[in-house]
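The values are calculated or read from the model by the stated rules, or taken from the named source; none is laboratory data. For clarity, every value in this text was computed on a predicted model and none was experimentally measured. A quick note on method: Cβ atoms are made from the backbone with ideal geometry, for glycine too, and the neighbour counts reach across all protein chains shown.
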Amino acid sequence: MTPIFMLAWKSVLNRRVTAILTIMTVAISVILLLGVERVRTQAKNSFANTISGTDLIVGGRSGQVNLLLYSVFRIGNATNNIDWKSFEEFSHHRAVKWAIPISLGDSHKGFRVMGTNHDYFQHYRYGKKHPLTISKGKEFNGLFETVIGSEVARDLGYKIGTEIIIAHGVSDVGFSRHDNLPFKVVGILDPTGTPVDKTVHVSLEAIEAIHVGWESGAHLGNTPSADQLESQIFKPKQITAMLLGLNSKIQAFSLQRQINTYPKEPLSAILPGIALHELWGMMSVAEQALMVISVFVVIAGLLGMLSSLLTSLQERRREMAILRAMGARPRHILSLLVLEASCLTLFGLVAGVVVLYGLLASAAPLIQQNYGINIELVALSHYEWKLLAAVQLAGTSIGFIPAFHAYKQSLSDGMTIRV
């Protein structure tokens with residue numbers, strides 16, 4: 001260990017209170033800078049991992065972001081429905097390997113209700129092509145059976161066998177509820193960190209059955225009892241959207257063009273990856289704003305360190321003069337102060353990274369439950385290392401300012417000051 005480094009270390013220890021405050025300032029700025037970057041990256045990955053293995057999403061004629069939002073993220077409503085005959089035609093297309101019908105429009109206590117069939121549980125994938133798994137119970141088979149997401153079960157305290165009432169539309173109010181047709185919970189899905197966790201799944205036939213006697217959202221006639229409805233055979237007339245998996249991804253653009261020019265009704269087919277990229281592009285303004293705020297916090301932290309160094313320099317003028325009298329050259333004084341600033345910045349970076357990982361480990365389950373964003377405790381990325389290197393370089397560079405002031409001070413100036 002060089003004498004200059006030893007001297008810098010002892011100087012920092014001698015001013016430990018000021019040094020600790022400076023390190024905390026740098027650490028807080030680093031926590032915010034890396035925290036925003038980590039949450040931004042993980043949120044982007046969570047959005048991208050919501051749906052996996054689906055080649056095309058098809059819905060009524062609409063913009064691709066709107067179609068993606070209501071079909072995958074359960075946000076908003078469809079502009080138009082799809083005729084069931086159109087679904088049957090495309091589900092049997094030679095390029096289609098599997099097709100999942102989706103029917104939206106109802107809700108239960110703030111959670112969206114989705115009508116689908118067993119192909120949903122068999123073919124829907126999320127993350128890195130993870131299948132849906134049922135933690136308790138089984139898939140629905142009866143007309144008035146439902147499989148609920150993990151968040152629905154947790155927030156509402158539902159268990160296997162619980163009966164629930166579905167409401168017509170997204171607002172769960174008394175006059176819109178199908179009170180005489182309760183559904184029985186027969187299955188609870190494992191957590192996925194996606195909108196699946198907030199969804200109540202029923203069969204397409206059940207969606208048709210509960211709307212007998214309803215027209216345009218209004219209850220116009222008598223609704224048959226559950227026993228009467230179970231004795232009937234229901235076939236969907238319309239659905240909200242469909243998810244398609246193809247035999248070959250090369251066929252995606254060809255089939256997309258066929259669907260977009262379908263003569264029997266106006267349809268839109270989108271590629272999930274492209275739609276997700278456009279969605280994230282729309283959110284880039286907020287993303288950039290957060291990054292700018294983080295950068296300014298880092299600048300404020302470094303300026304605080306500069307202020308501390310300049311203030312302490314006035315108190316250390318005699319110290320500098322004594323060092324000069326003992327043979328230290330101006331370049332040694334300059335190296336000493338720059339090394340102090342560099343050490344304080346480095347300690348701040350290390351403290352910031354350690355505290356950040358601790359906060360992420362503690363907050364990850366809450367973020368997962370409340371926002372569906374999966375925060376993984378992975379090693380620092382190449383970009384994050386570059387950010388830390390930039391902060392370290394800036395902190396070291398700031399040390400040159402008080403060092404230059406000390407460099408200019410003469411030996412007599414330091415020895416004659418009043419104390």
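When we screen GLY149, GLY115, GLY137 for residues that are farther than 30 Å from ARG61 by Cβ and among the small types (Gly, Ala, Ser), the only hit is GLY137.
Confirm whether VAL152 is more than 29 Å from GLN232 (Cα to Cα) and among the β-branched types (Val, Ile, Thr). So VAL152 passes the test. Scanning region 67-85 for residues that are crowded, with 20+ Cβ neighbours inside 10 Å and in a helix (DSSP H, G or I) gives LEU67, LEU68, TYR70, SER71, VAL72. The residues of region 1-55 that are at pLDDT 75 or above, among the polar types (S, T, N, Q) and not in a helix (DSSP H, G or I), listed by number, are ASN49, THR50, SER52, THR54. Within region 24-46, residues that are buried (at least 18 other Cβ atoms within 10 Å of the Cβ) have Cβ atoms under 7 Å from residues that are of a type outside the set (D, E, K, R) and not in a helix (DSSP H, G or I) in these pairs: GLN42/ILE373; GLN42/ASN374; GLN42/ILE375; ALA43/ILE373; SER46/GLY193; SER46/GLY372; SER46/ILE373; SER46/ASN374, counting only partners at least 6 apart in sequence or on another chain.
Looking across region 92-124, the residues that are closer than 14 Å to PRO195 by Cβ and outside any loop (DSSP other than H, G, I, E, B) come down to ILE102, LEU104, SER107, PHE111, ARG112, VAL113, MET114, THR116, TYR120. Of the residues making up region 125-138, those that are assigned to a loop (DSSP other than H, G, I, E, B) and at negative phi are LYS128, LEU132, THR133, LYS138. Would you confirm whether or not region 146-166 contains a residue that is in a loop (DSSP other than H, G, I, E, B) and touching a residue at least 60 places away in the same chain (Cβ under 8 Å)? Yes, because at least one residue in region 146-166 is in a loop (DSSP other than H, G, I, E, B) and touching a residue at least 60 places away in the same chain (Cβ under 8 Å). Within region 229-243, the residues that satisfy the criterion of being more than 29 Å from the chain's Cα centre (by Cα) and either without any contact (Cβ under 8 Å) to a residue 60 or more places away in the chain or part of a loop (DSSP other than H, G, I, E, B) (or both) are SER231, GLN232, ILE233, PHE234, LYS235, PRO236, LYS237. Using the structure shown, decide if THR146 is assigned by TED's automatic domain parsing to the domain that holds TYR262, at pLDDT below 95 and more than 23 Å from the chain's Cα centre (by Cα). When the stated conditions are applied, THR146 does not pass them. I'd like to check something: does region 267-288 contain any residue that is over 28 Å from the mean Cα position of the chain (by Cα) and either modelled with pLDDT of 95 or more or on the phi < 0 side of the Ramachandran plot (or both)? Yes: one or more hits. Scanning region 185-232 for residues that are among the aliphatic types (A, V, I, L, M) and at pLDDT below 75 yields ALA218, LEU220, ALA226.
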